[in-house]
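Each remark here refers to the structure printed beneath this line.
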Protein chains: 2
Amino acid sequence: MTAVVIDALDGFPEVHPGVDLARLIGDALLQNGLCPQANDILVVAQKVVSKAENRLVDLNEVTAGRRAHELAIATNKDPRIVELVLSESTDVIRAVRGVLIVRHRLGHVMANAGIDRSNVPHVENKELVLLLPQDPEASARVLRAQLIERFGVELAVVISDSFGRPWRVGTLNVALAAAGLPALHDRRGQTDRNGRVLEATQIAVADAVAAAAGLVMGEGSEGTPVVLLRGFFCEAPPCDIKSLIRPLAEDLFR
Amino acid sequence: MTAVVIDALDGFPEVHPGVDLARLIGDALLQNGLCPQANDILVVAQKVVSKAENRLVDLNEVTAGRRAHELAIATNKDPRIVELVLSESTDVIRAVRGVLIVRHRLGHVMANAGIDRSNVPHVENKELVLLLPQDPEASARVLRAQLIERFGVELAVVISDSFGRPWRVGTLNVALAAAGLPALHDRRGQTDRNGRVLEATQIAVADAVAAAAGLVMGEGSEGTPVVLLRGFFCEAPPCDIKSLIRPLAEDLFR
């Protein structure tokens, strides 16, 4: 019987800029009685990675340009946030009242370039917002290497964020980065139980891992940004998150 | 510590039209040593529900109309399959070579109206394909009622299918139906840890459950279409899958 177990790490501390995130994660694992094993996957919420990497920006230090002002009027958003969104993006997909969907410079199509005001520390005279990590794939690789160094087992790391989706209501956790596992499992050419070749079977492994972790990670006030997922192993060779990003020109749904 | 455990039921038999699916599932649970508990979620692959409900169609009995022939040329698909896709759909979203994305009559935007040739029984002189269940929500409610009757505990049922997504490569399991749990958890108006009101926090619970189950369900040859997910509980009131479907006119991404 294939069993996957997903544990949220209780008591994870507030993350401050410059902190050693791998050490915090390792300590939290042990405090939760979890000793990492080979093929364990640590799913880490983007927010704590961004905070550790000091991706906080004070809106009082942002000056909105003309394009940001125009889009701020169209979307009814703070022009300074729109300025940051534009600085983190390569394309604007949709801008209407309350909605600003962009293609992030990392390739993800997402709302507000992932810039978030919730669960950001309150500092007097500052209006802090949090950007995505500069390079989440590099962050995941470094975290993984540090955790492997500490525990001596080949674990994997996924960095997750919560995305809205076209055509469906509600957010779902997806992967921003994957280190040590196949973000995509390409099974085209394999056969079904009757010997028929599978037609369209590329499986978004890293997104499924992130979504599963979302069941215990929660949002808002829970404060469980790190999750251990155990018992899942995909035999495909590791590949990074770029394999999950479809070029805009090849998008099949538009 | 919040722990979710996901078990794939081994040894699930081939499903034939007219079979008592609830009985098969109940038997498989016991054979796998799993006694259902309150709040357990059974995730059932659409394929076995469709087979049990005899949603098999022989392509030799399908006559393609003019529109189907036109779209078959544009997409390089079998005109009889295209005819079935159209009969199951309300809108064609995109039709290009190899790709036919529609809005299914149930509301889901998906490729080929979910019609599938893989893992369908081979019968001489027939070319069988499998449609989605006529009414997956009703199927889920009936399965749930039958399993509650047998085991005497308040469990939930999700029917899942594998979807492609705009802008991202690879398929992900999503929910076609949910009975006994909130398909959508609407947390708008709640606050984060610093007291700031959460801005956009509707969580696609049923889709996250389906995606998580997908980690152990596999595709193709594995034959594990039923999964037990234990340890997840969402306090929101149950609501069905329609809460996850965004009207085309309100889609934010186009």
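The values are calculated or read from the model by the stated rules, or taken from the named source; none is laboratory data. Here the structure is a predicted model, which means the values were calculated and not measured. Cβ: placed from backbone, ideal geometry, glycine included. Neighbour counts: every protein chain shown. Heavy atoms of the whole protein, side chains included, go into the accessibility calculation; ligands, DNA and RNA do not. Shrake-Rupley method; radii C 1.70, N 1.55, O 1.52, S 1.80 Å.
A few notes on this one:
- Within segment A:150-177, tally of residues that are among the basic types (Lys, Arg) and touching a Gly at 6+ places or on another chain (Cβ under 6 Å): 1
One line per residue, one yes/no per condition, for (1) crowded, with 19+ Cβ neighbours inside 10 Å; (2) away from chain A (no Cβ under 14 Å):
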site	(1), (2)
B:ASN125	no, yes
B:LEU128	no, no
B:GLN134	no, yes
B:GLU137	no, yes
B:LEU143	yes, yes
B:LEU147	yes, yes
B:VAL158	yes, no
B:PHE163	yes, no
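- Segment A:89-123 - residue that is closer than 16 Å to A:GLN46 by Cβ and among the basic types (Lys, Arg) and, of those, farthest from the other protein chains (Cβ to nearest Cβ): A:ARG105
- Test: residue in segment A:59-82 that is within 16 Å of the chain's Cα centre (by Cα), on the phi < 0 side of the Ramachandran plot and not in a loop (DSSP other than H, G, I, E, B): no
- Count of residues meeting criterion [open to solvent by less than 10 Å² (accessible area, probe 1.4 Å), modelled with pLDDT of 90 or more, farther than 30 Å from A:GLN190 by Cα and facing another protein chain (nearest Cβ under 7 Å)] in segment B:197-240: 1
- So A:GLU149, is it out of contact with any strand residue (DSSP E or B) (no Cβ under 6 Å at 6 or more places or on another chain) and touching a residue at least 40 places away in the same chain (Cβ under 8 Å): no
- Hits in segment A:172-195 - residues which are hydroxyl-bearing (Ser, Thr, Tyr) and either buried (at least 24 other Cβ atoms within 10 Å of the Cβ) or assigned to a helix (DSSP H, G or I) (or both): none
- Within segment A:174-190, considering residues that are in contact with a Leu (Cβ under 9 Å, 6 or more places away or on another chain), more than 7 Å from chain B (Cβ to nearest Cβ) and more than 19 Å from A:ARG246 (Cβ to Cβ), the one modelled with the lowest pLDDT: A:GLY189
- Residue within segment B:4-23 that is crowded, with 18+ Cβ neighbours inside 10 Å and in a helix (DSSP H, G or I) present: yes
- Count of residues meeting criterion [within 14 Å of chain B (Cβ to nearest Cβ) and not acidic (Asp, Glu)] in segment A:1-34: 19
- Hey, A:VAL92 in contact (Cβ under 8 Å) with a residue 12 or more places away in the chain, in contact with a helix residue (DSSP H, G or I) (Cβ under 6 Å, 6 or more places away or on another chain) and not charged (D, E, K, R) or not: no
- Index of the failed condition, A:SER243 passing every other in (1) at pLDDT 75 or above; (2) farther than 19 Å from A:VAL49 by Cα; (3) more than 7 Å from chain B (Cβ to nearest Cβ); (4) surrounded by fewer than 24 Cβ atoms within 10 Å (Cβ to Cβ): (3)
- Residue within segment B:56-67 that is open to solvent by 50 Å² or more (accessible area, probe 1.4 Å) and within 12 Å of another protein chain (Cβ to nearest Cβ) present: no
- Yes/no for A:ALA38 being outside any helix (DSSP H, G or I), among the small types (Gly, Ala, Ser) and more than 11 Å from chain B (Cβ to nearest Cβ): yes
- Count of residues meeting criterion [surrounded by 14 or more Cβ atoms within 10 Å (Cβ to Cβ) and either of a type in the set (Ser, Thr, Tyr) or touching a His at 6+ places or on another chain (Cβ under 6 Å) (or both)] in segment A:89-109: 1
- Residue count for segment B:68-88 under the criterion of being surrounded by 19 or more Cβ atoms within 10 Å (Cβ to Cβ) and among the small types (Gly, Ala, Ser): the result is 2.
- Residues located in segment A:1-23, provided they are under 26 Å from B:VAL5 (Cβ atoms) and free of Cβ contacts under 8 Å to residues at least 40 places away in the same chain: A:MET1, A:GLY11
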